[in-house]
Amino acid sequence: MRTRLAAGAAAAVLTVTAFMPAQAGMAAHPTSDQGKQPVAVGSGGAVTSADLDASRAGIRVLRDGGNAIDAAVATASALGVSEPFVAGPGGGGFMVVYLAKQHRVVTIDGREKCPAGCSETMFQDSSGNPMDFEHARRSGLSVGVPGMVDTWANAVSQYGKFDFARDLQPAIRLAQQGFVVDKNFQQQEQVSLPDLQSFTSSRKLFLTADGQPLPIGTVLRNPDLARTYTQLAAHGPSYLYDGALGSDIAQAVQHPPVSGSSDFPIMPGFMTRQDLADYTAPNRTPTHVNYRGLDVYGMAPPSSGGITVGEALNILSHWNLAGEPRVQALFQYLEASRLAFADRNAYIGDSDYVDVPQHGLLDPNYAATRSCLITDHALSSPAAPGNPYPPYGGCGSTSTRGQADHEGMHTNHLVTVDRWGNVVSYTNTIEQIAGSGITVPGRGFLLNNEMTDFDFAPPPSGAYDPNLPAAGKRPRSSMSPTIVLKNGAFDFAVGSPGGSTIITTVLQILLNHIDFGMPLTDAIWAPRVSQRNSATSQAELEFYDSDLAKQLHDQYGESFSLVTGAQAPLLTYIGDATGVQSLGGDRYQAVAEKVREGGGSALVVQPTG
């Protein structure tokens, strides 16, 4: 049983309709005179996220005397209101924290867990064939035990200045007062329309009376989520993991509120109240590599982000990228990523269940056996994984392991920093846009589909697979919240959404900033290309049409495929990164996207320009 946290003053819940047309000049949740902007410079702390209302929630907490951990929880819980298709209490994530006074990095693993009823064959039909992905996703079977709330509560109880109840107050107010539906929100509704239409509770909360996306300019209020957050503030995380909210979650998973609009039968899941009661979000030892004299910290398994980014950096340390022609350095980046992904797919899973050779994968001596494979022409994919068990073999030593993955592309990342120099880099998600599609009736939030991050079946080759489902197991993730220290002090932090492209986005930003000398703004905004041990590298249009892409093809044999927006413009980009750079003393530069997904929101407590 979880200890009940002290309750803050619970805000009254407004009894209003779920949505209404916006009035001229109406502002939803005005807490700062700073509008939506991709860059902010100043002192006293900073917050950067995908959404202005969420960033304002974090800034409010910092102004009231809270620290970066409090601000991260306030921002994340507000994202559950204003970005409900990628965030909220029905999901999970990974939090990396720099504690300035101790000069120490700690991490919290809030990844969802498979219920006790899970098995290796849960996503296979009676003949042993993998299920159709969409059929599996839009079901109770795809829902993992959510870790978001336990992450928030654990972070605040261990490292915050305020209590959990106080940190939830901005999100409660936002849910009551509502926010204005913008183009990006409407696009997300359009992409997930079949999912939202499939469940009565989702249709009621997020769509018009005739089951269509809400018009741009609508003020969407969520009194159900306001009540849910108010109860969590009053009772702490036990209200979810040992109480009434957990019962409602289990009921929705076992008996999805099907509307009859689905084009295939909706499968129930088997999550129980006991599965929720058994959940914990543990602290994990962060991953660490030294790159160009900087200490790069990330998330350990069950995330593959920290190890894969770290291995690629170790491989790239064999070249002076800053002194090379840019096309040569980018070629080496693509190939290092190709090889690191081969190892990721072969070896990384939930380390509570499988033996992950983390020491070997992050050993510079092992990286030498991978870097020597990179010559003057693109390797064929899938490249074979190496053998990260000492003593390491020579150049080209390989293993027979190998498997692919299929992760959802939509997540969110936020960074917070406070006046004392504490920093949080936090990536969280409900997986696909709208997750499983299931809104918990009367509770105002969607449930994740994270269990579809497991491999549905072993590879046909019979190779070892570290990412098959099991009772209580966490699926492999690519989330890569990253904090970089220089001489033991905070330098910068970054992270991104994007499924398995998260890893390459973070890696490319690191290279842009550290090796190519780009300011963090330009490092984040630069065109992206992602190689994940596939025949072609996925590229945004600006990169795909560039002279660099042509040179990479002509000189090195690299091939590219274009990220396309068949469903909506928001799918034409790779990632939606955020970051914060220390400018020395108490000054920071907060950075969000300028164009991708409509741009993000960077705020500081005291702007100085």
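The values are calculated or read from the model by the stated rules, or taken from the named source; none is laboratory data. Note that this is a predicted model, so its numbers are computed, not measured. Protein only, heavy atoms only, side chains kept; ligands, DNA and RNA dropped before computing areas. Shrake-Rupley method; radii C 1.70, N 1.55, O 1.52, S 1.80 Å.
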> Shape of region 156-202 from its Cα gyration tensor (a ≥ b ≥ c, root eigenvalues): rounded if a/c is under 1.5, otherwise prolate when a/b > b/c, or oblate?
Replying inline: prolate
> If you look at just the Cα atoms of region 42-188, how large are its Rg and its Dmax in Å?
Replying inline: 18.2, 61
> Just the accessible area per residue of region 243-313, please: how many Å² with a 1.4 Å probe?
Replying inline: 36 Å²
> For region 301-311, in order, what is each residue's ³J(HN,Hα) by Karplus, 6.51 cos²θ - 1.76 cosθ + 1.60 with θ = phi - 60°, in whole Hz (x at glycine and Pro)?
Replying inline: x, x, 7, 9, x, x, 5, 5, 4, x, 4
> When the accessible area of the chain is split by element with a 1.4 Å probe, what percent falls to carbon and sulfur?
Replying inline: 51 percent
> What percent do you get for the relative contact order of region 466-567 when only Cα pairs under 8 Å and 6+ apart count?
Replying inline: 16 percent
>> Show me, for region 122-131, the HN-Hα J-couplings you get by feeding each phi into the Karplus relation (A = 6.51, B = -1.76, C = 1.60, θ = phi - 60°), rounded to Hz, glycine and proline as x.
In response: 5, 10, 10, 7, 5, 9, x, 8, x, 5
> Mind listing P(r) for region 409-521? All alpha-carbon pairs, 10 Å bins, whole percents.
Replying inline: 12, 31, 30, 20, 6, 0
> Amide H to amide H, which residues 5 or more places from Tyr464 or on other chains are under 5 Å from it, using H placed in the peptide plane?
Replying inline: Gly402
> Ignoring ligands, DNA and RNA, what accessible area per residue does region 153-219 give at 1.4 Å, in Å²?
Replying inline: 34 Å²
> Got a sec to turn the phi values of region 340-348 into Karplus ³J(HN,Hα) couplings, 6.51 cos²θ - 1.76 cosθ + 1.60 with θ = phi - 60°, whole Hz, x for Gly and Pro?
Replying inline: 5, 5, 4, 6, 4, 5, 7, 10, 9
> Sequence-distant or interchain residues sharing an amide H contact under 5 Å with Lys113, placed H: which?
Replying inline: Val145
>> Over the Cα atoms, compute the radius of gyration (one decimal) and Dmax (the largest Cα-Cα distance, rounded to a whole number) for region 232-311, in Å.
In response: 19.6, 58
> Which whole-number value in Å³ per residue fits the convex hull of the alpha carbons of region 520-603?
Replying inline: 112 Å³
> Using the Cα atoms as the points, what is the convex hull volume per residue of region 318-364 in Å³?
Replying inline: 74 Å³
> Which of the residue pairs Lys161/Lys183; Lys36/Lys161; Lys486/Lys594; Lys101/Lys473; Lys101/Lys486 have a Cα-Cα distance greater than 25 Å in the structure shown?
Replying inline: Lys161/Lys183; Lys36/Lys161; Lys486/Lys594; Lys101/Lys473
>> Once you order the gyration tensor axes a ≥ b ≥ c over the Cα atoms, which shape class does region 247-406 get: rounded for a/c under 1.5, otherwise prolate or oblate by comparing a/b with b/c?
In response: prolate
> Gap in Å between the Cα centre of region 424-462 and the Cα centre of region 503-549?
Replying inline: 27 Å
> So for the chain: antiparallel DSSP bridges make up what percent, rounded to the nearest 5?
Replying inline: 95 percent
> In terms of solvent-accessible area of protein heavy atoms at a 1.4 angstrom probe, what is the ranking of His359, His513, His103, His318, highest value first?
Replying inline: His359, His103, His318, His513
> Among rounded, prolate and oblate, which fits region 115-257 when a ≥ b ≥ c are the square roots of the eigenvalues of its C-alpha gyration tensor, a/c under 1.5 means rounded, and a/b larger than b/c means prolate?
Replying inline: oblate
> Kirkwood hydrodynamic radius (Cα pairs, Å) of the chain?
Replying inline: 23.8 Å
> Which residues' amide hydrogens lie under 5 Å from the amide hydrogen of Val39, considering only partners 5 or more residues apart or on another chain, with H built in the peptide plane?
Replying inline: Ala592, Ala602
